[in-house]
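*Asks:* Dumping the structure here so I can ask a few things about it.
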Amino acid sequence: MTERTASVRRDTLETQIAVELNLDGTGTSTLETGVPFLDHMLDQVARHGMVDLAVRAQGDLHIDAHHTVEDVGITLGQALTKALGDKKGIRRYGHAYVPLDEALARVVIDFSGRPGLEMHADFRRSHIGEFDVDLFHEFFQGLVNHAWMTLHIDSLRGDNAHHVAETIFKAFGRALRMAAEADPRAEGITPSTKGSL
Ligand SMILES: [Mn+2]
């Protein structure tokens, strides 16, 4: 496979975001979104997805973290689309179960070419530190809309909200790795009977 990297800049009046992505990386990251808990979660995606990821964001955090978190999702989605290219030779589907103590999450990905999000996660508190747990859905909705992926997220159990979030993002990273990975038996082949994704 040729190099699968992307560099995307997205500027609006609300946020200015730059994402650099290498799908065939080693799990290193440079994260400066201005939202520390989001940085912590993106670090999990890079590490467990074995992708190299740099995200720099300047957002209207004086309002709240909503625009920044959503727009980081959008820009990361755009970077995924660009880095995946024609999707020839990838596995397309990926899934992972990840536990963290009492918490357990399952994430299933299909690089289907159709945006779709099913997210089922109950958090027992509204905030993790200063981070509003509603924003996890905003992040993943922005991501799937621009990565053209079907994404099923199920938090199967968990008491601690930090644990629940972390299992979701680690499982997302693992599932992403599987779905985006080169399948040595399918070199040059589009993983769809339609012939395109
Ligand atoms: Mn943690």
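*Asks:* Pairing the Cα long axis of helix 36-49 with the longest principal axis of the chain, what angle in degrees results, from 0 to 90 and rounded to the nearest 10?
*Replies:* For 36-49 against the chain, the angle is about 20 degrees.
*Asks:* Per the helix-only calculation at 222 nm, which mean residue ellipticity applies to the chain, given -39500 (n - 2.57) for every DSSP H run of n ≥ 4 and division by its residues, nearest 500 deg cm²/dmol?
*Replies:* Numbers: 4 runs with 66 residues, N = 197.
My calculation for the chain gives -11000 deg cm²/dmol from helical runs alone.
*Asks:* From the convex hull of the Cα coordinates of the chain, what is the mean projected area in square nanometres?
*Replies:* 10.3 nm²
*Asks:* Shifting gears a bit: Mind listing the phi-derived Karplus ³J(HN,Hα) values for region 172-182, rounded to whole Hz, using 6.51, -1.76 and 1.60 with θ = phi - 60°, and x for any glycine or proline?
*Replies:* Once θ is set to phi - 60°, the couplings for region 172-182 become 4, x, 5, 5, 4, 4, 5, 5, 8, 5, 5 Hz.
*Asks:* Positive end of the charge dipole of the chain (Lys, Arg +1 and Asp, Glu -1 on Cβ, about the Cα centre): tell me which of Asn145, Gly59, Tyr93 has its Cα farthest that way.
*Replies:* Value computed over the given set: Tyr93.
*Asks:* Another question about this same structure. Over all directions, average the projected area of the Cα convex hull of region 75-150 and note it in nm².
*Replies:* On the way: hull surface 23.8 nm².
Projected over every direction and averaged, the Cα hull of region 75-150 covers 6.0 nm².
*Asks:* A further question follows. Treating only the Cβ of Lys, Arg, Asp and Glu as charged (+1, +1, -1, -1), what charge dipole size does the chain show about its Cα centre? Round to the nearest 20 debye.
*Replies:* In total the dipole reaches around 960 debye.
*Asks:* With contacts defined as alpha carbon pairs under 8 Å and 6 or more residues apart, what's the relative contact order of the chain in percent?
*Replies:* Numbers: 490 pairs, mean separation 52.1, N = 197.
Answer for the chain is 26 percent.
*Asks:* Order these peptides, 152-164, 69-81, 176-188, by their mean beta-carbon neighbour count within 10 angstrom, highest first.
*Replies:* 69-81, 152-164, 176-188
*Asks:* Which residue, Val133, Leu117, Thr30, has the largest displacement toward the positive end of the dipole of region 5-186 when charges sit on each Cβ (Lys, Arg +1; Asp, Glu -1)?
*Replies:* Projecting each Cα onto the dipole axis, the largest value belongs to Leu117.
Where a number appears in this text, it was derived from the coordinates with a stated rule and is not lab data. The model shown is predicted, which means the values in this text are computed figures rather than measured ones. Glycine also receives a Cβ, built like all others from the backbone with ideal geometry; neighbour counts cover every protein chain displayed.
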